[in-house]
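The values are calculated or read from the model by the stated rules, or taken from the named source; none is laboratory data. Keep in mind that this is a model prediction, so the values were computed, not measured. Using ideal geometry, Cβ is built from the backbone for each residue, glycine included, and neighbour counts are taken over all protein chains shown.
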Amino acid sequence: MNKPSEHYRLGSRTAARIAAVQALFQHQQSSEDLNQIEQQFLFFRLRPAEIDATSGDNTLMEKADVKFFSQLIQSAQVYFPTSLEQITQTLPVEWPLNRIDPVLKSLLCMAIIELYAFKETPSRVVINEYINVAHSFFSGDEPKMANGILNTIARTLRPDDFSQ
């Protein structure tokens, strides 16, 4: 994962989204239960820890909003299969779902899950947040691809968010 710029301040909800993408990736790769993965993250990865005395730095995940992270993971329990269907319906025929990078697939799913479960968050905010998350994982064209897919799906799921 790329390290965010020194001038970029990582918000607690953005850190929670990054952790949720990682947790969903772990679930897809291992088929491990999402509840177990959530507990692993809460106990081992999202706990406050000592700041590294040599660098003065601490990990990104220690900044995560753990309540929001848990809400995202619980929402994934409900909407994960639907998110995969949405991606499959949006991709061109020559791009089957299994051709998508697994990290990108996890990111897209988590964004779609948030669109379904957190209707109070405007679609454009969700898209922007996950494009920023994509930039923390990828340095190529993947963020552009994510933007196109998420924009298409968000316009289908929440057309009123785009009527202005």
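Annotations
- Hey, Lys67 under 21 Å from Ala16 (Cα atoms), assigned to a helix (DSSP H, G or I) and of a type outside the set (Asp, Glu) or not: yes
- Among the conditions (1) among the β-branched types (Val, Ile, Thr); (2) at pLDDT below 95; (3) surrounded by 13 or more Cβ atoms within 10 Å (Cβ to Cβ), the only one that Val93 does not satisfy is (3).
- Being without any contact (Cβ under 8 Å) to a residue 40 or more places away in the chain, among the aliphatic types (A, V, I, L, M) and within 18 Å of Phe25 (Cα to Cα) is a property that holds for Leu97.
- Filter result (part of a helix (DSSP H, G or I), out of contact with any Lys or Arg (no Cβ under 6 Å at 6 or more places or on another chain) and among the polar types (S, T, N, Q)) within the range 87-130: Thr88, Gln89, Thr90, Asn98, Ser106, Asn128
- Contact map, the range 130-141: residues that are at negative phi and at pLDDT 95 or above paired with residues that are part of a helix (DSSP H, G or I) and among the hydroxyl-bearing types (Ser, Thr, Tyr), Cβ distance under 6 Å, separation 6+ or inter-chain. No pairs are found.
- Residue within the range 63-70 that is under 25 Å from Ser30 (Cα atoms), surrounded by 13 or more Cβ atoms within 10 Å (Cβ to Cβ), over 14 Å from the mean Cα position of the chain (by Cα) and without any contact (Cβ under 8 Å) to a residue 12 or more places away in the chain present: no
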